[in-house]
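Down below is the structure, laid out as C-alpha coordinates.
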Amino acid sequence: MEKKRVLSGIRATGRLHLGNYLGMVKGMLELQDNPGYEVFFMVADLHAMTTPYDPKTLQKNIYEVVLDYLAAGLDPENASVFVQSHIPEHIELAYLFSTVVSVARLSHLPTYKEKVRQYPENVTMALLYYPVLMAADILAYKTEELPVGDDQLPHLEITREIARKMNEKYSCNFPEPQQLKTEGHYIPSLTGEGKMSKSVEGSYINLTDELGVIKEKFARVPTDVGRGKSVPQEGGVAALLSLVELFQGEDKRKEYETEYLSEGVQYKSLKEELAQAIFEELKPIQARRKELDQKPKYVDRVIGGGAEKARKIARETLDETKRKMGLI
Ligand code: TYM
(Lines give C-alpha, C1' and ligand atoms only; values in the text may rest on other atoms or scores of the structure.)
Protein backbone atom coordinates (compact mmCIF):
# COMPACT_ATOMS: atom_id res chain seq x y z
CA MET A 1 0.00 0.00 0.00
CA GLU A 2 1.29 3.46 -0.90
CA LYS A 3 1.63 5.55 2.27
CA LYS A 4 0.13 9.01 2.48
CA ARG A 5 2.76 11.63 3.21
CA VAL A 6 2.20 14.40 5.72
CA LEU A 7 4.45 17.39 6.39
CA SER A 8 3.89 19.99 9.04
CA GLY A 9 6.26 22.45 10.67
CA ILE A 10 7.02 24.95 13.39
CA ARG A 11 9.12 28.10 13.09
CA ALA A 12 12.47 28.07 14.88
CA THR A 13 11.61 30.98 17.14
CA GLY A 14 12.13 29.30 20.52
CA ARG A 15 10.54 26.64 22.66
CA LEU A 16 7.17 25.11 21.88
CA HIS A 17 4.06 26.23 23.75
CA LEU A 18 0.76 24.48 24.38
CA GLY A 19 -0.75 25.97 21.20
CA ASN A 20 1.96 24.37 19.06
CA TYR A 21 1.66 21.12 20.98
CA LEU A 22 -2.12 20.79 20.87
CA GLY A 23 -2.69 22.41 17.48
CA MET A 24 0.00 20.58 15.57
CA VAL A 25 2.37 18.18 17.40
CA LYS A 26 -0.33 15.95 18.91
CA GLY A 27 -1.96 15.53 15.51
CA MET A 28 1.36 14.55 13.98
CA LEU A 29 2.06 12.06 16.78
CA GLU A 30 -1.23 10.31 16.08
CA LEU A 31 -0.36 10.04 12.39
CA GLN A 32 3.11 8.65 13.06
CA ASP A 33 1.52 5.69 14.84
CA ASN A 34 -0.68 4.97 11.82
CA PRO A 35 1.07 2.65 9.34
CA GLY A 36 -0.84 4.28 6.49
CA TYR A 37 1.18 7.50 6.83
CA GLU A 38 4.73 8.70 6.31
CA VAL A 39 5.25 11.71 8.55
CA PHE A 40 7.67 14.65 8.29
CA PHE A 41 8.20 17.07 11.19
CA MET A 42 9.97 20.15 9.88
CA VAL A 43 11.79 22.93 11.73
CA ALA A 44 11.04 26.06 9.70
CA ASP A 45 14.28 28.00 10.13
CA LEU A 46 13.85 29.98 6.89
CA HIS A 47 10.42 31.12 8.02
CA ALA A 48 11.97 32.23 11.33
CA MET A 49 13.99 34.76 9.31
CA THR A 50 10.90 36.57 8.04
CA THR A 51 10.59 38.57 11.29
CA PRO A 52 13.51 40.20 13.15
CA TYR A 53 15.77 37.52 14.66
CA ASP A 54 19.23 37.12 16.14
CA PRO A 55 21.66 35.04 14.02
CA LYS A 56 23.55 34.17 17.19
CA THR A 57 20.57 32.28 18.64
CA LEU A 58 19.09 30.75 15.49
CA GLN A 59 21.06 27.48 15.78
CA LYS A 60 19.98 27.15 19.40
CA ASN A 61 16.35 27.81 18.48
CA ILE A 62 16.45 25.16 15.76
CA TYR A 63 17.83 22.67 18.26
CA GLU A 64 15.15 23.60 20.81
CA VAL A 65 12.37 22.71 18.38
CA VAL A 66 14.00 19.39 17.48
CA LEU A 67 14.34 18.56 21.19
CA ASP A 68 10.73 19.51 21.84
CA TYR A 69 9.54 17.35 18.94
CA LEU A 70 11.52 14.34 20.17
CA ALA A 71 10.61 14.88 23.82
CA ALA A 72 6.91 15.15 22.91
CA GLY A 73 7.11 11.69 21.35
CA LEU A 74 8.39 11.94 17.78
CA ASP A 75 9.64 8.46 17.06
CA PRO A 76 12.50 8.50 14.51
CA GLU A 77 11.64 4.89 13.61
CA ASN A 78 8.23 5.99 12.33
CA ALA A 79 8.70 9.65 11.45
CA SER A 80 11.33 12.01 10.05
CA VAL A 81 12.46 15.30 11.49
CA PHE A 82 14.51 17.74 9.43
CA VAL A 83 15.53 21.36 9.18
CA GLN A 84 13.95 23.31 6.30
CA SER A 85 17.15 25.03 5.09
CA HIS A 86 18.92 21.65 4.82
CA ILE A 87 16.62 20.85 1.88
CA PRO A 88 17.22 23.69 -0.60
CA GLU A 89 14.80 21.97 -3.00
CA HIS A 90 12.01 23.69 -1.03
CA ILE A 91 13.38 27.10 -2.01
CA GLU A 92 13.71 26.13 -5.65
CA LEU A 93 10.18 24.78 -5.75
CA ALA A 94 8.93 27.95 -4.04
CA TYR A 95 10.52 30.04 -6.78
CA LEU A 96 8.70 28.00 -9.42
CA PHE A 97 5.42 28.45 -7.51
CA SER A 98 6.00 32.20 -7.26
CA THR A 99 5.41 32.40 -11.02
CA VAL A 100 1.71 31.55 -10.57
CA VAL A 101 0.81 33.75 -7.60
CA SER A 102 0.32 37.50 -7.70
CA VAL A 103 1.86 40.09 -5.42
CA ALA A 104 -1.63 41.54 -4.83
CA ARG A 105 -2.97 38.19 -3.58
CA LEU A 106 -0.09 37.80 -1.13
CA SER A 107 -0.18 41.37 0.13
CA HIS A 108 -3.89 41.07 1.00
CA LEU A 109 -3.42 38.07 3.27
CA PRO A 110 -4.48 38.74 6.88
CA THR A 111 -1.37 36.97 8.21
CA TYR A 112 0.87 39.29 6.14
CA LYS A 113 -1.04 42.41 7.21
CA GLU A 114 -0.75 41.41 10.86
CA LYS A 115 3.03 41.04 10.59
CA VAL A 116 3.27 44.38 8.78
CA ARG A 117 1.43 45.97 11.70
CA GLN A 118 3.65 44.17 14.18
CA TYR A 119 6.96 44.94 12.44
CA PRO A 120 6.51 48.04 10.25
CA GLU A 121 10.30 48.35 9.90
CA ASN A 122 10.60 44.85 8.53
CA VAL A 123 8.28 44.58 5.54
CA THR A 124 10.59 42.44 3.42
CA MET A 125 10.28 40.29 0.31
CA ALA A 126 10.83 37.25 2.56
CA LEU A 127 7.74 38.20 4.58
CA LEU A 128 5.59 38.56 1.47
CA TYR A 129 6.99 35.27 0.13
CA TYR A 130 6.22 33.39 3.37
CA PRO A 131 3.11 31.52 2.10
CA VAL A 132 4.81 30.57 -1.17
CA LEU A 133 7.64 28.87 0.68
CA MET A 134 5.10 27.23 2.97
CA ALA A 135 3.20 25.92 -0.07
CA ALA A 136 6.47 24.45 -1.35
CA ASP A 137 7.13 22.79 2.04
CA ILE A 138 3.72 21.13 1.94
CA LEU A 139 3.46 20.28 -1.75
CA ALA A 140 7.02 18.94 -2.06
CA TYR A 141 5.65 15.92 -0.16
CA LYS A 142 2.25 15.96 -1.90
CA THR A 143 0.61 16.36 1.52
CA GLU A 144 -3.19 16.05 1.30
CA GLU A 145 -4.05 16.78 4.93
CA LEU A 146 -1.92 18.24 7.71
CA PRO A 147 -2.39 19.17 11.34
CA VAL A 148 -2.04 22.95 11.73
CA GLY A 149 -3.74 25.46 13.98
CA ASP A 150 -6.50 27.75 12.69
CA ASP A 151 -4.06 30.66 12.34
CA GLN A 152 -2.49 28.85 9.37
CA LEU A 153 -5.74 28.53 7.38
CA PRO A 154 -5.03 31.53 5.09
CA HIS A 155 -1.70 29.90 4.19
CA LEU A 156 -3.43 26.62 3.37
CA GLU A 157 -5.82 28.49 1.11
CA ILE A 158 -2.91 29.98 -0.83
CA THR A 159 -1.33 26.52 -0.99
CA ARG A 160 -4.51 25.13 -2.57
CA GLU A 161 -4.62 27.98 -5.07
CA ILE A 162 -1.02 27.39 -6.05
CA ALA A 163 -1.65 23.66 -6.44
CA ARG A 164 -4.70 24.34 -8.61
CA LYS A 165 -2.86 26.79 -10.83
CA MET A 166 0.16 24.52 -11.23
CA ASN A 167 -2.15 21.64 -12.17
CA GLU A 168 -4.13 23.73 -14.65
CA LYS A 169 -1.21 25.50 -16.26
CA TYR A 170 1.47 22.81 -16.26
CA SER A 171 -0.52 19.57 -15.82
CA CYS A 172 1.13 18.90 -12.47
CA ASN A 173 -0.60 16.57 -10.02
CA PHE A 174 -0.45 18.41 -6.72
CA PRO A 175 -3.18 17.69 -4.14
CA GLU A 176 -5.15 20.59 -2.62
CA PRO A 177 -4.18 20.27 1.06
CA GLN A 178 -6.71 20.60 3.87
CA GLN A 179 -6.37 21.21 7.59
CA LEU A 180 -6.51 18.09 9.73
CA LYS A 181 -8.30 19.55 12.70
CA THR A 182 -6.94 18.52 16.08
CA GLU A 183 -8.92 18.93 19.30
CA GLY A 184 -6.68 21.90 20.09
CA HIS A 185 -6.88 23.65 16.70
CA TYR A 186 -7.39 27.01 18.45
CA ILE A 187 -5.80 27.54 21.87
CA PRO A 188 -6.72 30.91 23.33
CA SER A 189 -4.25 33.27 24.98
CA LEU A 190 -3.87 33.35 28.76
CA THR A 191 -4.26 37.11 28.53
CA GLY A 192 -7.88 36.54 27.50
CA GLU A 193 -7.37 38.20 24.11
CA GLY A 194 -6.70 36.33 20.88
CA LYS A 195 -4.71 33.12 20.57
CA MET A 196 -1.80 31.71 22.51
CA SER A 197 1.27 33.00 20.70
CA LYS A 198 5.05 33.04 21.10
CA SER A 199 5.13 36.70 20.19
CA VAL A 200 2.73 37.78 22.97
CA GLU A 201 4.34 37.78 26.41
CA GLY A 202 2.08 36.29 29.09
CA SER A 203 -0.08 34.48 26.53
CA TYR A 204 1.52 31.04 26.60
CA ILE A 205 2.65 28.03 28.62
CA ASN A 206 5.81 26.38 27.33
CA LEU A 207 6.22 22.61 27.25
CA THR A 208 9.23 23.12 29.53
CA ASP A 209 7.37 25.13 32.20
CA GLU A 210 7.59 23.72 35.74
CA LEU A 211 4.47 23.42 37.89
CA GLY A 212 5.34 26.61 39.79
CA VAL A 213 5.69 28.59 36.56
CA ILE A 214 2.36 27.32 35.23
CA LYS A 215 0.70 28.34 38.50
CA GLU A 216 2.25 31.82 38.32
CA LYS A 217 1.02 32.21 34.75
CA PHE A 218 -2.48 31.12 35.72
CA ALA A 219 -2.49 33.55 38.63
CA ARG A 220 -2.33 36.38 36.07
CA VAL A 221 -5.23 35.12 33.91
CA PRO A 222 -8.00 37.72 34.21
CA THR A 223 -11.26 36.32 35.63
CA ASP A 224 -14.57 37.68 36.96
CA VAL A 225 -16.69 37.16 40.09
CA GLY A 226 -17.20 33.52 39.14
CA ARG A 227 -20.95 33.47 38.53
CA GLY A 228 -23.47 34.95 36.16
CA LYS A 229 -26.44 34.34 33.84
CA SER A 230 -24.34 32.94 31.01
CA VAL A 231 -20.91 31.34 30.78
CA PRO A 232 -18.36 33.69 29.16
CA GLN A 233 -17.52 32.77 25.57
CA GLU A 234 -14.40 34.93 25.44
CA GLY A 235 -11.75 36.40 27.72
CA GLY A 236 -9.72 34.75 30.48
CA VAL A 237 -12.54 32.59 31.86
CA ALA A 238 -13.31 31.14 28.42
CA ALA A 239 -9.58 30.43 27.93
CA LEU A 240 -9.40 28.58 31.25
CA LEU A 241 -12.51 26.53 30.41
CA SER A 242 -11.06 25.54 27.03
CA LEU A 243 -7.93 24.26 28.75
CA VAL A 244 -10.04 22.45 31.35
CA GLU A 245 -11.85 20.63 28.53
CA LEU A 246 -8.59 19.66 26.84
CA PHE A 247 -6.71 18.52 29.93
CA GLN A 248 -9.44 17.43 32.35
CA GLY A 249 -12.23 16.45 29.97
CA GLU A 250 -15.60 17.73 28.83
CA ASP A 251 -17.42 16.60 31.99
CA LYS A 252 -15.15 18.72 34.18
CA ARG A 253 -15.85 21.73 31.98
CA LYS A 254 -19.59 21.10 32.26
CA GLU A 255 -19.25 20.91 36.06
CA TYR A 256 -17.63 24.34 36.15
CA GLU A 257 -20.23 25.73 33.77
CA THR A 258 -23.02 24.50 36.04
CA GLU A 259 -21.25 26.06 39.04
CA TYR A 260 -20.90 29.34 37.14
CA LEU A 261 -24.66 29.46 36.59
CA SER A 262 -25.47 28.55 40.23
CA GLU A 263 -23.31 28.87 43.37
CA GLY A 264 -20.25 30.21 41.54
CA VAL A 265 -16.77 28.96 40.51
CA GLN A 266 -13.76 29.15 42.85
CA TYR A 267 -11.06 30.19 40.38
CA LYS A 268 -8.25 29.57 42.86
CA SER A 269 -8.96 25.85 42.99
CA LEU A 270 -9.87 25.67 39.28
CA LYS A 271 -6.46 27.16 38.41
CA GLU A 272 -4.68 24.91 40.90
CA GLU A 273 -6.26 21.70 39.55
CA LEU A 274 -5.80 22.73 35.93
CA ALA A 275 -2.13 23.59 36.47
CA GLN A 276 -1.65 20.17 38.03
CA ALA A 277 -3.42 18.39 35.14
CA ILE A 278 -1.32 20.21 32.53
CA PHE A 279 1.87 19.51 34.43
CA GLU A 280 1.01 15.79 34.62
CA GLU A 281 0.99 15.70 30.81
CA LEU A 282 4.16 17.79 30.52
CA LYS A 283 6.18 15.96 33.19
CA PRO A 284 7.23 12.95 31.05
CA ILE A 285 7.96 15.28 28.11
CA GLN A 286 10.25 17.36 30.32
CA ALA A 287 12.02 14.25 31.64
CA ARG A 288 12.68 12.97 28.11
CA ARG A 289 13.89 16.42 27.07
CA LYS A 290 16.48 16.45 29.86
CA GLU A 291 17.76 13.03 28.75
CA LEU A 292 17.93 14.06 25.09
CA ASP A 293 19.77 17.23 25.97
CA GLN A 294 22.66 15.00 27.07
CA LYS A 295 22.76 13.24 23.70
CA PRO A 296 23.58 15.89 21.05
CA LYS A 297 25.19 13.31 18.75
CA TYR A 298 22.06 11.18 18.75
CA VAL A 299 19.93 14.24 17.97
CA ASP A 300 22.25 15.21 15.09
CA ARG A 301 22.02 11.69 13.69
CA VAL A 302 18.23 11.83 13.80
CA ILE A 303 18.18 15.16 11.94
CA GLY A 304 20.67 13.84 9.36
CA GLY A 305 18.56 10.72 8.74
CA GLY A 306 15.40 12.79 8.43
CA ALA A 307 17.00 15.13 5.92
CA GLU A 308 18.13 12.24 3.77
CA LYS A 309 14.59 10.84 3.50
CA ALA A 310 13.05 14.26 2.93
CA ARG A 311 15.57 15.32 0.28
CA LYS A 312 14.89 12.28 -1.88
CA ILE A 313 11.16 13.06 -2.06
CA ALA A 314 11.57 16.82 -2.46
CA ARG A 315 14.10 16.21 -5.26
CA GLU A 316 11.64 13.98 -7.13
CA THR A 317 8.84 16.57 -6.86
CA LEU A 318 11.17 19.36 -7.94
CA ASP A 319 12.47 17.44 -10.97
CA GLU A 320 8.95 16.48 -12.00
CA THR A 321 7.83 20.13 -11.71
CA LYS A 322 10.83 21.43 -13.65
CA ARG A 323 10.11 18.95 -16.41
CA LYS A 324 6.45 20.00 -16.60
CA MET A 325 7.46 23.66 -16.68
CA GLY A 326 9.92 23.11 -19.52
CA LEU A 327 13.14 23.66 -17.58
CA ILE A 328 14.48 20.15 -18.21
P1 TYM B 1 4.20 28.47 13.99
O2 TYM B 1 5.60 28.24 14.42
O3 TYM B 1 3.62 29.82 14.17
O4 TYM B 1 3.22 27.48 14.70
C5 TYM B 1 3.42 26.07 14.60
C6 TYM B 1 2.10 25.33 14.68
O7 TYM B 1 1.45 25.62 15.91
C8 TYM B 1 0.12 26.04 15.64
N9 TYM B 1 -0.32 27.00 16.65
C10 TYM B 1 -1.50 26.92 17.29
N11 TYM B 1 -2.49 26.02 17.21
C12 TYM B 1 -3.55 26.20 18.02
N13 TYM B 1 -3.66 27.27 18.86
C14 TYM B 1 -2.70 28.19 18.96
N15 TYM B 1 -2.81 29.20 19.80
C16 TYM B 1 -1.54 28.04 18.15
N17 TYM B 1 -0.40 28.76 18.00
C18 TYM B 1 0.33 28.10 17.07
C19 TYM B 1 0.20 26.71 14.27
O20 TYM B 1 -1.06 26.79 13.67
C21 TYM B 1 1.13 25.78 13.57
O22 TYM B 1 0.45 24.65 13.09
N23 TYM B 1 3.84 28.81 9.05
C24 TYM B 1 4.03 27.85 10.11
C25 TYM B 1 5.31 27.07 9.98
C26 TYM B 1 5.43 26.33 8.69
C27 TYM B 1 4.61 25.26 8.27
C28 TYM B 1 5.10 24.88 7.00
C29 TYM B 1 3.53 24.60 8.85
C30 TYM B 1 6.33 26.56 7.71
N31 TYM B 1 6.15 25.69 6.68
C32 TYM B 1 4.50 23.82 6.27
C33 TYM B 1 2.94 23.54 8.13
C34 TYM B 1 3.42 23.17 6.86
C35 TYM B 1 4.06 28.63 11.42
O36 TYM B 1 4.18 29.81 11.45
O37 TYM B 1 4.03 27.94 12.50
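Name the helices (complete DSSP H segments) of the chain with a Cα length along the long axis of 24 Å or more and a Kyte-Doolittle mean of at least -0.5, or state none.
Details: long enough: 55-72 (26 Å, 0.07); 153-170 (25 Å, -0.96); 267-293 (36 Å, -0.89); 296-324 (41 Å, -1.17).
TM-like helix candidates: 55-72.
Could you pull the Cα extents of the range 87-127 along its three principal axes, largest to smallest, in whole Å?
In descending order, the Cα extents are 31, 21, 13 Å.
Based on the mean of other beta carbon atoms within 10 Å per residue, what is the order of 227-239, 68-80, most packed first? Write out the running numbers ahead of the final one.
Working: 227-239: 14.7, 68-80: 19.2.
Packing order, densest peptide first, comes out as 68-80, 227-239.
Which entries of LYS26/LYS60; LYS113/LYS312; LYS252/LYS290; LYS3/LYS60; LYS198/LYS290 have Cα-Cα distances beyond 28 Å here? Intermediate results must be reported in sequence, preceding the final value.
On the way: LYS26/LYS60 23 Å; LYS113/LYS312 35 Å; LYS252/LYS290 32 Å; LYS3/LYS60 33 Å; LYS198/LYS290 22 Å.
As for pairs spanning more than 28 Å Cα to Cα, those are LYS113/LYS312; LYS252/LYS290; LYS3/LYS60.
Can you figure out the FRET efficiency of GLU291 with VAL213, using R₀ = 22 Å and their beta-carbon distance, to the nearest 0.05?
After rounding to 0.05, the efficiency reads 0.60.
For the range 211-290, what is the convex hull (Cα atoms) projected area averaged across all directions, in square nanometres?
Values: hull surface 21.2 nm².
Directional mean of the projected Cα hull area for the range 211-290 stands at 5.3 nm².
With a 1.4 Å probe and all protein chains left in place, how much accessible area per residue does the range 13-77 have, in Å²? Numbers along the way, then the final one.
Numbers: 2370 Å² over 65 residues.
Accessible area per residue: 36 Å².
Along the principal axes of its C-alpha atoms, what lengths does the range 22-129 span, in descending order and rounded to whole Å?
Result for the range 22-129: principal-axis Cα extents of 42, 34, 27 Å.
Quick one: with all protein chains in place, what share of the accessible area of the range 172-328 is carbon or sulfur, to the nearest percent (1.4 Å probe)? Before the final figure, lay out each step's value.
Values: 4250 of 8760 Å².
Using a 1.4 Å probe with all protein chains present, the range 172-328 comes out at 49 percent carbon and sulfur.
Which residues' amide hydrogens lie under 5 Å from the amide hydrogen of CYS172, considering only partners 5 or more residues apart or on another chain, with H built in the peptide plane?
ASN167
Please state, as a whole number in µm²/s, the translational diffusion coefficient that the Stokes-Einstein equation yields for the range 65-208 at 37 °C and 0.692 mPa s, with Rh defined as the Kirkwood radius across alpha carbon pairs.
Details: Rh = 17.0 Å.
Reported coefficient: 193 µm²/s.
Heavy atoms only, 1.4 Å probe, whole protein assembly: order MET325, MET24 by accessible area, highest first.
On the way: MET325 45, MET24 10 Å².
Most to least solvent-accessible, the answer reads MET325, MET24.
Give the long-range amide H neighbours of ILE205: residues separated by 5 or more places, or on another chain, with amide H under 5 Å away, using H modelled in the peptide plane at 1.01 Å from N.
Under 5 Å from the amide H of ILE205 lie the amide H atoms of LEU18, GLY19, each far enough along the sequence or on another chain.
Working from the pairwise distances between different alpha carbons, so that the mean of 1/r is found and then inverted, what is the range 183-226's Kirkwood radius in Å?
On the way: mean 1/r = 0.0893 Å⁻¹.
Hydrodynamic radius (Kirkwood, Cα pairs) of the range 183-226 is 11.2 Å.
As an exercise, find the ratio Rg/Rh for the chain from alpha-carbon atoms, using the Kirkwood inverse-distance average for Rh. Spell out each step's value before the answer.
On the way: Rg = 20.9 Å, Rh = 21.0 Å.
Taking Rg over the Kirkwood Rh, I get 1.00.
Over 17 Å, how big is the tail of the calculated P(r) for the range 262-328, in percent of all Cα pairs? Present the calculation step by step, with values, prior to reporting the outcome.
Working: 1553 of 2211 pairs.
More than 17 Å apart: 70 percent of the Cα pairs in the range 262-328.
Note down the accessible area of ARG164, probe 1.4 Å, to the nearest 10 Å².
The value for ARG164 is about 100 Å².
Which FRET efficiency value, to the nearest 0.05, do you get for SER171 and SER107 by plugging their Cβ-Cβ distance into 1/(1 + (r/R0)^6) with R0 = 25 Å? Kindly include the intermediate steps, with their values, before the conclusion.
Numbers: r = 29 Å, r/R0 = 1.16.
My answer for the efficiency is 0.30.
Could you give the accessible area per residue of the range 211-290, probe 1.4 Å, as a whole number in Å²? Write down the numbers at each step before the final one.
Values: 4390 Å² over 80 residues.
Here the residues of the range 211-290 average 55 Å² of exposed surface.
The values are calculated or read from the model by the stated rules, or taken from the named source; none is laboratory data. Source: prediction; values computed, not measured. Here Cβ is always computed from backbone atoms with ideal geometry, including for glycine, and neighbour counts include all displayed protein chains. Side chains included, ligands, DNA and RNA excluded: accessible areas come from the protein's heavy atoms. Shrake-Rupley method; radii C 1.70, N 1.55, O 1.52, S 1.80 Å.
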